[in-house]
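Right, one structure below, let's go through it.
Rule-based calculations on the coordinates, nothing more; no lab input. Only a predicted model underlies this, so the values are computations on that prediction, with no experimental measurement involved. Cβ placement follows ideal geometry from the backbone for every residue including glycine, while neighbour counts extend to all protein chains displayed.
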Amino acid sequence: MGEAAAVGEAATVSEAGSFEAMWSALEPIGRDGRTGGYRRYAWTPEDATLREWFAGEAAARGLAVVEDRAGNQWAWAGDPDVTPGVVVGSHLDSVPDGGAFDGPLGVVSAFAALDRLRARGHEPARPIGIVNFGDEEGARFGVACAGSRVLTGALTADRARALTDAEGTSLADAIAATGRDPGALAADPETLRRIGQFVELHVEQGRALADLDRAVAVASAIRPHGRWRIDLPGEANHAGTTRLGDRRDAMLGAAQVVLAARAAAERHGAVATCGKLRVEPNGVNAIPSHVTVWLDARASSEDAVRQVVADVAASAEEQGGTLTEESWSAATRFPDPHRLAALLDDAPVLDTGAGHDAGILAAAGVPAAMLFVRNPTGVSHSPAEFAEPDDCLAGVGALATVLAELTR
């Protein structure tokens, strides 16, 4: 199994089968038959099925399942109200046409790591929890890590309830449609007190491990990043009869902003993407009266990100538009990653430009750590995202080793 035997302990045939069974059960949920990508959005029927799967796997292991006030699911072995526990897990939702591994690999690996510890006869001195964070990707309502942000208070409940999707459905209405009370949505300090340590395993979103020929790495930091909404005005008119000189075409302003974002990223050593547009009235033969563009910007330093955003804001203002910050995550550094690396056969230590729930918890003062599993394609947020089965089991072994160490 390649490096699976070198990280933690080698998986047995039964453990590999357990992982495969869980993976196979998840695989069809929310998958688009045309693209092969996943559309697992918050508070949808697909999300409900994923939550049922999580609860079923927890029940099969005798774990107590609770849902916090932010809508995240927790499965506990032991009582974290007596002693704060060690929590592992990730999320199950996806970006539009996302890959299979981003999020679900961490949840499946968490259950599999618990199975491995139990098979070894490990008796934890602290409770062990497995979490499924809700709406990590922000694909439907626009705010990434919404579940962990509401949990920690980084996103207020009032603002969260008012968020709307592309069809104009509010988060409050979406929650109500599932039979839950949106008024109960709130920060949950009681749940946070139950977390003594959080460890999130995640597929690598890049090619560093492929280049290093290693299956597993430890995260050192998450680079600063955020999302901004840019609104650009225009005037609706007939595309075939309005002279060019008489047009106020909001799409031209959007095009200028997109180009400005790319130029600013190059200028300041950052990365920036305008990956989503909303056009009004959105007719082929109608001049756009309004375009909304969303900017995602990230860099190794906060200053570089802010310089990019300032340049894009200036471009938007030249087009008569405005820029509004929708979410921001400062740089997050995980404590003592080299300690975990030493446990895992001197695993590489890497930082990342991708945001994660572990970063939100760390920013709220919860001790947190991350493990990455090799992605040979280097592609993420795409159906091409991948991890070899042996590398997935190496990740399970690494997570089990860390979990055993933290619960001695």
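See the values below:
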| read-out | value |
| --- | --- |
| Cβ charges +1 (Lys, Arg) and -1 (Asp, Glu), total dipole of segment 299-400, debye | 260 |
| Simple Cβ-charge dipole of segment 171-234, Lys/Arg +1 and Asp/Glu -1, about Cα centre, in debye nearest 20 | 140 |
| C-alpha long axis of helix 250-268 to longest principal axis of the chain, angle in ° | 50 |
| Principal axis dimensions, largest first and in whole angstrom, of segment 14-161 by Cα | 43, 37, 19 |
| Binned Cα-Cα distances of segment 337-406, short to long, each 10 Å bin given as a whole percent | 17, 45, 34, 4 |
| Sum of -39500 (n - 2.57) over DSSP H runs of 4+, divided by residues of the chain (222 nm, nearest 500) | -10500 deg cm²/dmol |
| Cβ crowding within 10 Å averaged over residues, with 262-268, 241-247 ranked highest first | 262-268, 241-247 |
| Helix axis angle, 302-318 relative to the chain longest principal axis, alpha carbon, degrees | 20 |
| 20 Å-binned pair-distance histogram of the chain (Cα, whole percent) | 27, 56, 16, 2 |
| Estimated inter-spin distance, D81 and R229, nm [label 7 Å along Cα→Cβ] | 3.9 |
| Contour excess over end-to-end distance, with Cα ends at T273 and E405 and 0.36 nm allotted per residue | 43.5 nm |
| Folded to 0 to 90 degrees: helix 13-26 orientation relative to the chain principal axis, Cα | 30 |
| Segment 113-154, relative contact order in percent, only Cα pairs under 8 angstrom and at least six apart counted | 24 |
| Relative contact order of segment 1-142, defined on C-alpha pairs under 8 angstrom at six or more residues apart (%) | 28 |
| Average Cα contact separation per residue, the chain, under 8 Å, 6 or more apart, as relative contact order % | 24 |
| Linear extension gain, A125 paired with N282, 0.36 nm per residue minus alpha-carbon span | 50.6 nm |
